[in-house]
Amino acid sequence: MGDIEENDALPKNKPSTEKDVSDELELRMKKYLRGESANLEALKDKKLKGQLAAKEQLYGKSAQAAAKAEKWLMPSEGGYLEAEGLEKTWRIKQETIAHEIDISGSRKQYDIILPELGPYTLDFTSSGRYMAVGGRKGHLGIVDMINLSLIRELQVRETVRDVVFLHNELFFAAAQKRYPYIYNREGTELHCLKEHGPVLRLQFLKNHFLLATINKFGQLRYQDVTMGSMVGNFRTGSGRTNVMQVNPFNGVVSLGHSAGTVTMWKPTSSAPLVKMLCHHGPVSALAFHSNGHLMATAGKDKKVKLWDLRKFEVLQSLPGHANTLDFSQKGLLACGNGSLIQVLRDVSGTQNYSRYMTHSMVKGYQVEKLVFRPYEDVLGIGHSMGWSSILIPGAGEPNFDSWVANPFETSKQRREKEIRTLLDKLPPETIMLDPSKIGTVKPKGEMPTKKEREAEIEAAVEATKGMKLKKKTKGRNKPGKMIQKKQEAVARVKRPYMEQKIQEEEKMSRKKQKTIEGVELPKSLQRFARKKASS
């Protein structure tokens with residue numbers, strides 16, 4: 001309640017004097033300060049007092065910088081539907097929202113009816129400026145969402161199962177009947193990826209420039225679109241699936257299978273990183289939160305489950321069925337089944353989702369795919385009769401970073417961004433469940449140190465020497481025989497340590513041999529190099 005009162009206390013008009021500006025900054029700074037400052041007068045240690053005073057000053061400067069950034073760099077604020085009294089937000093219709101918004105907002109509500117070419121699938125660029133559409137009957141197109149103008153459309157005259165943009169709006173991939181194809185913005189076919197076969201789903205990993213596909217034989221493939229090389233080709237072993245999604249946090253590809261399991265893959269491993277049983281029936285849809293720690297799954301057992309990927313535990317299980325799922329940038333979850341669309345919201349911030357909005361399509365329309373448009377409160381719907389767009393207040397991030405995704409970028413900025421992203425391209429080896437481990441210090445290995453090994457040998461030898469031998473029959477208890485038996489027992493204890501030491505030395509010598517062979521000698525010394533034995 002305190003934050004709301006502080007926000008309401010901010011002056012709504014533009015400040016006219018320096019005093020008004022300073023007052024507004026002080027109000028904004030209260031959100032970023034770390035509570036009340038420490039009482040430094042009671043301290044007797046002058047050095048500690050000076051250090052704490054410097055830290056308090058630094059905290060004040062950082063809070064002031066954050067308040068200035070909020071004022072000038074984040075002018076827009078997100079908002080949700082607020083119900084009054086006994087009113088429910090999920091009862092509010094799209095027609096009611098259209099009457100309360102401006103003309104530019106009402107243009108984002110539309111229906112494109114193409115019954116002969118559907119059902120349609122959609123994909124947006126990272127900035128939300130462009131949308132690619134693909135109809136099952138072979139219709140492909142690119143739409144500018146700001147001007148609502150059609151840039152290019154083409155008819156490929158065969159089945160189209162999925163479309164996805166590559167690193168920008170200039171290239172997109174389409175999963176067609178026999179092979180996936182790559183087209184440019186003008187509709188020209190650039191590549192036919194015959195190695196992938198009849199692909200059912202496509203996903204593009206933007207940070208790694210990898211195109212991931214799953215075909216109808218259950219084969220998962222990764223292809224580097226910059227070099228054209230095949231990075232990974234794995235047989236999943238779980239049969240045919242058309243449920244595929246990429247975790248935006250770590251780049252791990254997840255597949256939903258007919259046995260109710262979800263497997264997670266990376267391009268450098270032929271076995272799944274994780275295989276978890278999510279439903280007691282086939283998995284029908286899959287989606288990831290933008291933070292990468294929350295996964296939503298839907299199954300034929302008529303349940304929608306939310307999973308914590310840090311513990312691989314169920315956070316919430318909701319009744320209902322969904323053929324498609326999608327998370328918005330602000331964490332709203334859209335579920336589509338038949339002609340009904342539900343949007344769920346985490347009101348309390350404790351990963352407890354409840355119904356926020358509902359929308360019913362025209363009777364007979366079957367929802368194929370739901371996609372939230374980035375940086376807009378818009379939900380794109382691909383259905384059996386075309387595609388539509390509805391307004392979902394609070395879905396998109398209100399302030400975009402022009403260095404990350406600029407919907408108004410020029411061709412020069414696009415070229416510079418393309419070069420920058422290529423230079424920052426991540427290798428496939430960086431894809432892992434916890435990418436925060438990259439760059440950290442390798443933990444101490446399990447191999448004991450030399451001192452620990454010597455101490456262990458000495459302790460084992462002392463224990464052997466102190467062991468009492470059994471008394472034998474006459475003639476076998478001589479002192480010489482007893483000493484010999486003790487020496488044999490000590491040798492038996494030392495043997496495994498000595499064998500391990502010999503193996504390590506051999507391993508080190510082989511490594512040295514390889515490095516020596518790998519070093520190319522100068523021409524004047526090459527005649528003295530050891531020649532390899534001819535086989």
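Below is a table of values for the structure above.
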read-out: Residue check for TYR183: in contact with a Phe, Trp or Tyr (Cβ under 8 Å, 6 or more places away or on another chain), assigned to a strand (DSSP E or B) and buried (at least 20 other Cβ atoms within 10 Å of the Cβ); value: yes
read-out: Members of the stretch 349-373 found to be touching a Lys or Arg at 6+ places or on another chain (Cβ under 9 Å) and not in a strand (DSSP E or B), listed by number; value: ARG373
read-out: From LYS275, LYS300, residue being farther than 29 Å from ASP224 by Cβ and of a type in the set (D, E, K, R); value: LYS300
read-out: Residues within the stretch 304-348 that are farther than 24 Å from LYS275 by Cβ, assigned to a loop (DSSP other than H, G, I, E, B) and among the charged types (D, E, K, R), tallied; value: 1
read-out: From the options VAL347, VAL367, VAL404, residue that is free of Cβ contacts under 8 Å to residues at least 12 places away in the same chain and either under 17 Å from SER328 (Cβ atoms) or surrounded by 17 or more Cβ atoms within 10 Å (Cβ to Cβ) (or both); value: VAL347
read-out: Any pair with Cβ under 8 angstrom, 6 or more apart, that starts in the stretch 453-469 at a residue that is under 19 Å from LYS481 (Cα atoms) and open to solvent by 60 Å² or more (accessible area, probe 1.4 Å) and ends at one that is of a type in the set (Lys, Arg) and at pLDDT 75 or above; value: LYS465/LYS486
read-out: VAL262 being among the β-branched types (Val, Ile, Thr), assigned to a strand (DSSP E or B) and in contact with a Ser or Thr (Cβ under 6 Å, 6 or more places away or on another chain); value: yes
read-out: Residue check, ASP8 modelled with pLDDT under 80, assigned to a helix (DSSP H, G or I), over 20 Å from GLY78 (Cα atoms) and not aromatic (Phe, Trp, Tyr); value: no
read-out: Criterion violated by GLY260 - all others in (1) out of contact with any Lys or Arg (no Cβ under 6 Å at 6 or more places or on another chain); (2) open to solvent by 40 Å² or more (accessible area, probe 1.4 Å) satisfied; value: (2)
read-out: One residue from GLY251, GLY232, GLY237 being assigned to a loop (DSSP other than H, G, I, E, B) and crowded, with 18+ Cβ neighbours inside 10 Å; value: GLY251
read-out: Complete set of residues in the stretch 431-452 that are open to solvent by less than 100 Å² (accessible area, probe 1.4 Å) and modelled with pLDDT of 70 or more; value: ILE431, MET432, LEU433, ASP434, PRO435, SER436, ILE438, GLY439, THR440, THR449, GLU452
read-out: Residue satisfying all of: in the stretch 266-303; open to solvent by 60 Å² or more (accessible area, probe 1.4 Å) and touching a His at 6+ places or on another chain (Cβ under 8 Å); farthest from VAL343 (Cα to Cα) among these; value: LYS300
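The values are calculated or read from the model by the stated rules, or taken from the named source; none is laboratory data. The model shown is predicted, which means the values in this text are computed figures rather than measured ones. All Cβ positions, even for glycine, are placed from backbone atoms using ideal geometry, and neighbour counts span all protein chains on display. For accessibility, only protein heavy atoms count, side chains too; no ligands or nucleic acids. Shrake-Rupley method; radii C 1.70, N 1.55, O 1.52, S 1.80 Å.
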